[in-house]
Every structure is written in C-alpha cells, then in structure tokens.
Amino acid sequence: MLKIDDLACHSGGSRLLSVTQLKLKAGEILAVLGPNGAGKSTLLKSICGEIRCEGSIQLHDRSLSDWPADERARHVGVLPQSSQLTFPFLAREVVELGLIPLSFSRGEAKTEIDRVMELCDCAHLKKRAFPTLSGGEKQRVQLARVLLQLSQAEQPPLLLLDEPTSAQDLGHQHTLLALLNQLARDGYGIISILHDLNHCLHYCQRCLVLEQGEVRHQGSPAKVLVPDNIHDIWHYRPAFGTLEDQRAVMA
C-alpha cells in the first residue's frame, strides 16, 4: 500500500535522512527504531508531508502529493508524540475534530465517536477538559480522534504513530499495542516509532533501524534484533530469554 523510493531529506546543506526503498503492506505493523537523532521522526514527517523531501512516496499506487486534501485526510492519520492543544475543549470535543473530512449523519457520528473512544479506553474521559488530562490520557484521546478520521477510508488507511507508548503506563502500553494488532488485522498499514525493543519483537511484523539518517537494518524483528546488531546501534548487548509462550524477551 505504501511505497517509498530514493527518499532524501536535507536541512541547511546537511542530509537528515536517506531511505533507498521502503514498502508497507496493508495489515503490517512496521516499527521504526534507532537511537536519538537517528531520523525516525523525520521519516514520519516526510511521509505525512510535514517536511519537503526528494524522492517518491506513493500510497495505493498514487503519489501522496496528488491526493486531494480531504481524501488524503481520510487515508493517512498521524498521532504525534505529544499534543500542543491548549484550548479548553472537552475530551469528546477533541475526538470530534476527526469528523472534519467525513460525511456522517449526526446519529452515525455519535455512534462512531463512542466506538473509537471505547477502543482507546478514553470513553470515561469524555467530559473532562483536555488540558487537565495526563500525558497518557491525552495520547489515547488523540488516538481516538485519528481513528475517527480514518473511519471512512475507501482503501486500507495508513496510521503513523510517533512513540505511542511513551506516556502510557505498563498496562496501557500493552492494550494499545494489542489495539494496533487488531487494526492491522482489519487492514490498516501501521508505521510506529518505538524505543522498547521487546514491543517490536512481540507486536510488529517488520522493523526498520535508522542511525544517523541511514537505514542500517530492515526485516523481521527476530532476524534484525540480534545481539550483534543491537550492540552495533545502541552500544548495549542485551541478554535474551524465553517466556512461557516461547516468545523471546531481552533485558
């Protein structure tokens, strides 16, 4: 569904990011990994059009730059790491912003808003003022807004997430990642920046490792996240074990 060729991003004469080729299928979760400053957020910003880059980015065999704004909004959703929204909206009103590119009736809109807020475990926050929420609660409300925005996509939508677990407690980290797996089974293509390599091992089908703006490794987490590669990128050699269900875990 997503195809990137010869992507290059520059700033002030310096190259920020270079990706020769990247493909994402509908139903896949791709983890973007790497140390701080590796170019992970630059990659997401280039895909969603926030920064201008050279190269080709195609979604469903069409250049993203050729998509009309409203159609693109129904097919590409972005969850930033943190929210800068300071207006005293209620949490439900923030989610309602996802209706802007959509054409629901009033009754359909109410049903969809209720559905996505339940999915993201934030329905109980609907009457709370958004600025008073914790960082993790704000993330979940904003995720509900993004899912609402994508709910009328005519083709499998693309969901981009910048460290979606960064503000979540342990339980919500895993329920959020389980939700991403369910969305992938429903046909979403998902690209998520992650820092916890165990999350990548347990919840993602593929990973891309960046370092200094270059792709160092790409493939299945089991093949990429091996001790030598991890030591080469993060200068740390983890110990590996096996959980009761035979999944690998590192520490």
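None of the figures in this text is laboratory data; all of them are computed from the coordinates on show. It should be emphasised that the depicted structure is a prediction, and the values quoted were computed from it without experimental measurement. So basically every Cβ, Gly included, is an ideal-geometry build from the backbone, and we count neighbours across all protein chains shown.
How many percent of DSSP beta bridges within region 144-251 run antiparallel, rounded to 5? Counting only bridges with both partners in region 144-251, antiparallel ones make up about 60 percent.
Let me know the shape class of region 137-210, please: from the alpha-carbon gyration tensor, a ≥ b ≥ c as square roots of the eigenvalues, rounded when a/c is under 1.5, otherwise prolate if a/b is greater than b/c, or oblate. Oblate is the answer for region 137-210, as a/c is 1.5 or above yet b/c matches or exceeds a/b. Given their separation in residues at 0.36 nm each and the Cα-Cα distance between them, R15 and S82 gain 21.6 nm when the chain is fully extended. Angle of helix 135-149 to the longest C-alpha principal axis of the chain, folded into 0 to 90 degrees and rounded to 10: 70°. In this rough spin-label picture, where each label sits 7 Å from Cα along the Cβ direction, the R115-K25 distance is 2.6 nm. Helix 106-119 and the longest principal axis of the Cα set of the chain meet at an angle near 40°.
For region 179-251, GluC sites (Glu not before Pro) are listed when DSSP marks them as loop and at most 15 other Cβ atoms sit within 10 Å of their Cβ; the list is E244.
How large is the Kirkwood hydrodynamic radius of region 82-152, counting all unique pairs of alpha carbons, in Å? For region 82-152, the Kirkwood estimate is 11.8 Å. A protection proxy built from the mean count of other Cβ atoms within 10 Å ranks the segments 115-127, 152-164, 13-25, most packed first, as 152-164, 115-127, 13-25.
Which distance in nm do the two modelled labels at K127 and S220 give, with both placed 7 Å along the Cα-to-Cβ direction? About 5.1 nm, to one decimal.
When the helices of the chain are scored as -39500 (n - 2.57) per DSSP H run of n ≥ 4 and the total is divided over every residue, the value at 222 nm lands at -9500 deg cm²/dmol.
Of H60, H235, the sequence from fewest to most neighbouring Cβ atoms within 10 angstrom is H235, H60. Separation of region 132-154 and region 35-50, taken as the distance between their Cα centroids, equals 20 angstrom. Between helix 170-185 and the chain there is an angle of about 90 degrees, using the helix long axis and the longest principal axis of the Cα atoms. The charge dipole of region 1-132, taken about the Cα centre with unit charges on the Cβ atoms of Lys, Arg (+1) and Asp, Glu (-1), comes to about 260 debye, rounded to the nearest 20. Taking all Cα-Cα distances within the chain, those exceeding 34 Å account for 17%. Which residues' amide hydrogens lie under 5 Å from the amide hydrogen of S166, considering only partners 5 or more residues apart or on another chain, with H built in the peptide plane? Under 5 Å from the amide H of S166: no residue qualifies. Using the Karplus relation 6.51 cos²θ - 1.76 cosθ + 1.60 with θ = phi - 60°, the per-residue 3J(HN,Hα) values for region 4-10 come to 10, 10, 6, 6, 9, 10, 10 Hz, with x marking Gly and Pro. Approximating the spin labels as points 7 Å out from Cα along Cα→Cβ, the A248-to-S166 distance works out to 2.7 nm.
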